[in-house]
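A.B. asks: Questions regarding the structure given below will be posed in turn.
Just so it is clear, none of the values below were taken in a lab; they were calculated from the coordinates. On a predicted model such as this, the values are computed, not experimentally measured, just so you know. Positions of Cβ are backbone-derived with ideal geometry, glycine not excepted, and every protein chain shown enters the neighbour counts.
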């Protein structure tokens with residue numbers, strides 16, 4: 001991978017959930033921070049998310065869910081990425097996700113899970129650090 | 001003493017107040033303060049000597065129960081009857097949700113409000129591939145009439161009003177409700193309640209659309225026409241600003257975009273040949289309540305006045321009921337914090353107070369744990385108690401529109417009305433709300449407001465207690481509700497069983513007839529009623545309509 005190109009992030013809404021306020025905020029904030037951001041729009045399937053991620057050769061996927069369907073749908077995304085041999089893509093998640101589900105999501109490969117009230121600065125510094133290391 | 005307002009007050013008292021009190025008397029406990037001082041139904045400007053001031057008051061503010069309804073839609077408001085306490089609830093399957101409803105009714109709730117899961121809201125059956133992981137998560141799963149029968153088991157539909165948050169498949173769920181009523185021996189004209197049925201705001205802010213705008217508007221007007229004849233006490237639409245606000249809009253945007261949606265529905269119904277005074281009295285609204293109490297009060301007052309003017313001046317409505325903006329309120333879930341969750345009880349109290357001071361007809365109070373998950377029974381009980389305390393103990397329900405005449409609230413009311421009107425004008429210039437949505441105008445405006453608001457929090461310019469100030473170290477989250485796998489299995493099993501036991505030929509016939517009618521201009525409601533009565537599922541019915549209408553796709557940047 002060319003380390004000098006602008007890092008590319010896919011922000012996705014997976015499942016049937018239409019709550020996109022947080023996702024749209026993150027899209028804009030990451031663009032303002034200099035990242036190239038692709039936004040999936042709402043109501044995407046795990047298959048569509050992974051297809052886009054692979055086709056667009058993204059470095060990071062951030063998925064937002066507020067519907068409670070995170071355990072099932074995020075597991076499916078991680079599984080499909082492995083099948084596509086795209087396990088190098090950094091995964092993170094955000095939304096109304098109870099603390100007790102976070103260890104499970106981390107074990108699936110989600111590097112960070114940001115829950116309501118997480119400051120933007122924390123999300124940005126996590127990404128900056130991760131992507132700097134990757135260069 | 002010369003008081004120019006006097007004759008108008010006398011007229012209101014004899015024409016409106018006396019008649020209203022005769023029908024629904026005022027309650028004795030609401031006529032004194034806690035200290036024993038008498039409280040009047042209505043307080044007014046005193047000694048208005050100037051004719052222009054008097055006319056200004058009548059034009060902008062007026063009397064409760066009368067055009068332009070700034071002070072409320074009923075002459076006595078809560079002195080006679082409190083708002084309907086209606087907690088939005090639904091999870092897992094019909095059994096669990098039925099149990100929650102019966103608990104809420106036992107606790108003094110006065111109306112039901114059904115939350116459906118996302119597959120139901122988007123017209124997928126529980127065994128559809130896209131329903132995986134979503135069954136019973138944000139609401140109750142309903143596939144067929146069999147589920148709906150369980151949902152309302154031991155709840156007589158002639159004794160309760162039911163609000164259903166259902167939009168794209170609203171016709172299907174209304175038909176199921178009518179069918180359950182029939183099984184209970186309750187005739188359709190006795191049914192009371194509301195279907196949300198507001199698809200335009202789904203494109204703008206909420207996301208549970210199925211069909212493109214034109215056929216969606218046709219389904220909506222079919223419902224208007226059918227309901228006016230058969231379920232005349234049902235609110236056929238709840239034009240919703242709540243989700244627009246939750247997506248991050250300002251108060252004026254909430255009102256501007258919602259009333260612009262309302263205008264689009266009235267235009268569609270008129271274009272379909274319906275008489276405005278026949279359907280408009282059953283048009284209801286739904287707004288959010290944020291924590292900025294006085295801005296919210298002004299917003300509700302502005303919304304009532306502006307809608308009354310739109311209905312009379314733009315649509316030529318003659319009936320006062322057509323001009324009356326009746327609304328449900330929900331406290332704004334996006335204001336709840338996952339940090340120090342008990343603080344949310346206080347936020348909800350302030351928001352509920354705003355709704356009551358603003359003259360709401362019904363109210364849902366959020367539970368303190370909703371930034372984490374669906375609420376537990378205990379959390380819901382506190383939320384309901386919050387309403388009961390405001391109703392019985394706070395005294396704010398003792399007089400109508402108690403904040404009228406406050407310099408601040410009146411000026412803010414005028415300002416929000418003017419700003420909302422400017423949005424409506426802009427949308428008119430674009431050719432109406434459907435065009436504006438296609439150009440992403442309301443979506444873009446909301447997104448900008450949301451971004452600004454969040455940036456203020458990030459930069460610490462706006463304080464959110466417990467989040468960016470006054471933070472504490474917390475180690476454990478309270479227990480939250482979990483929806484188990486077992487519920488999903490039970491739901492799919494029931495659907496399989498219903499499919500095996502029903503008269504398959506009758507179902508196919510009903511669905512074929514429906515699909516053919518969808519290609520014509522016939523009203524689809526009677527045919528949807530036939531299909532659900534034959535135990536056709538939500539997904540099967542929606543699929544037939546998808547064949548004809550196609551599906552909507554969101555535009556993204």
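A.B. asks: In what order do B:83, A:112 fall by count of nearby beta-carbon atoms within 10 Å, going from fewest to most?
C.D. replies: Values: B:83 23, A:112 19.
Fewest to most other Cβ atoms nearby, the residues stand as A:112, B:83.
A.B. asks: Related question: Hey, with R₀ at 51 Å, roughly what FRET efficiency would residue A:88 and residue B:422 work out to, going by the Cβ-Cβ distance, to 0.05?
C.D. replies: Calculated transfer efficiency: 0.50.
A.B. asks: Return the distance in nm (one decimal) between the two label points of a simple spin-label model at residue B:429 and residue A:32, each offset 7 Å from Cα along Cα→Cβ.
C.D. replies: So the label points at residue B:429 and residue A:32 sit 2.7 nm apart.
A.B. asks: Now, a different point. Considering all projection directions equally, how large on average is the shadow of the alpha-carbon convex hull of the protein assembly as shown, in square nanometres?
C.D. replies: Numbers: hull surface 125.4 nm².
Result: a mean projected hull area of 31.4 nm².
A.B. asks: Here's another thing I want to ask about it. Give me the percent of DSSP beta bridges within chain B that run antiparallel, rounded to the nearest 5.
C.D. replies: Working: 1 of 31 bridges.
So the antiparallel bridges in chain B amount to around 5 percent.
A.B. asks: Take B:309, B:282 and order them by how many other Cβ atoms sit within 10 Å, fewest up front.
C.D. replies: Arranged by neighbour count, lowest to highest, B:309, B:282 become B:309, B:282.
A.B. asks: For the pair residue B:51 and residue B:377, what calculated FRET efficiency results from E = 1/(1 + (r/R0)^6), where r is the Cβ-Cβ distance and R0 = 41 Å, to the nearest 0.05?
C.D. replies: On the way: r = 58 Å, r/R0 = 1.42.
It comes out at approximately 0.10.
A.B. asks: State the Cα centre-to-centre distance between segment B:318-366 and segment B:83-140 in whole Å.
C.D. replies: 20 Å
A.B. asks: Also, I was wondering about something else. Restricting to Cα pairs below 8 Å that are 6+ residues apart, what does the relative contact order work out to for chain B? Please round to a whole percent.
C.D. replies: Numbers: 1003 pairs, mean separation 103.7, N = 557.
Reported relative contact order: 19 percent.
A.B. asks: Would you order B:234, B:103, B:257, B:549 from fewest to most other beta-carbon atoms within 10 Å of each residue's own beta-carbon? Can you show the working numbers first?
C.D. replies: Working: B:234 25, B:103 15, B:257 31, B:549 19.
In increasing order of surrounding Cβ atoms, one gets B:103, B:549, B:234, B:257.
A.B. asks: Another question, then. Rounded to the nearest 500 deg cm²/dmol, what is the calculated helix-only ellipticity per residue at 222 nm for the protein assembly as shown, with -39500 (n - 2.57) per DSSP H run of length n ≥ 4?
C.D. replies: Numbers: 27 runs with 320 residues, N = 692.
My calculation for the protein assembly as shown gives -14500 deg cm²/dmol from helical runs alone.
A.B. asks: Here's a follow-up. What whole-number distance in Å separates the alpha-carbon centres of segment B:388-419 and segment B:201-257?
C.D. replies: Comparing the Cα centres of segment B:388-419 and segment B:201-257, I get a distance of 27 Å.
A.B. asks: While we're on this one: Taking square-rooted eigenvalues a ≥ b ≥ c of the alpha carbon gyration tensor, is segment B:40-130 rounded, prolate or oblate, where a/c under 1.5 means rounded and, failing that, a/b exceeding b/c means prolate?
C.D. replies: On the way: a/c = 7.27, a/b = 2.52, b/c = 2.88.
Here segment B:40-130 falls in the oblate category.
A.B. asks: Given points 7 Å out from each Cα along the Cα-Cβ axis, report the residue B:439 to residue A:6 separation in nanometres with one decimal.
C.D. replies: 2.8 nm
A.B. asks: Now for a different question. Which shape class applies to segment B:147-217: rounded if a/c is under 1.5, otherwise prolate when a/b exceeds b/c and oblate if not, where a ≥ b ≥ c are the square roots of the Cα gyration tensor eigenvalues? Don't jump to the answer; show the numbers that get you there.
C.D. replies: Details: a/c = 2.58, a/b = 2.45, b/c = 1.05.
Cα axes put segment B:147-217 in the prolate bin.
A.B. asks: What FRET efficiency do you get for residue A:125 and residue B:415 if R0 is 41 Å and r is their Cβ-Cβ distance, rounded to the nearest 0.05? Please report the intermediate quantities before stating the final value.
C.D. replies: Numbers: r = 40 Å, r/R0 = 0.98.
Efficiency, rounded to the nearest 0.05: 0.55.
A.B. asks: Oh, and also: Per 0.36 nm of contour for each residue apart, how much would the distance between residue B:39 and residue B:159 grow if the chain were fully extended, relative to their Cα-Cα spacing?
C.D. replies: Details: separation 120, 0.36 × 120 = 43.20 nm, distance 3.22 nm.
Here the segment from residue B:39 to residue B:159 would lengthen by 40.0 nm.
A.B. asks: Given points 7 Å out from each Cα along the Cα-Cβ axis, report the residue B:233 to residue B:505 separation in nanometres with one decimal.
C.D. replies: 4.0 nm
A.B. asks: Under the 0.36 nm per residue contour assumption, what length would be gained going from the current alpha-carbon distance of residue B:3 and residue B:473 to full extension?
C.D. replies: Using 0.36 nm per residue and subtracting the Cα-Cα distance, I get 163.1 nm.
A.B. asks: Regarding chain A, what are the three Cα extents along the principal axes, ordered largest first, in Å?
C.D. replies: Largest to smallest, the principal-axis extents are 38, 33, 26 Å.
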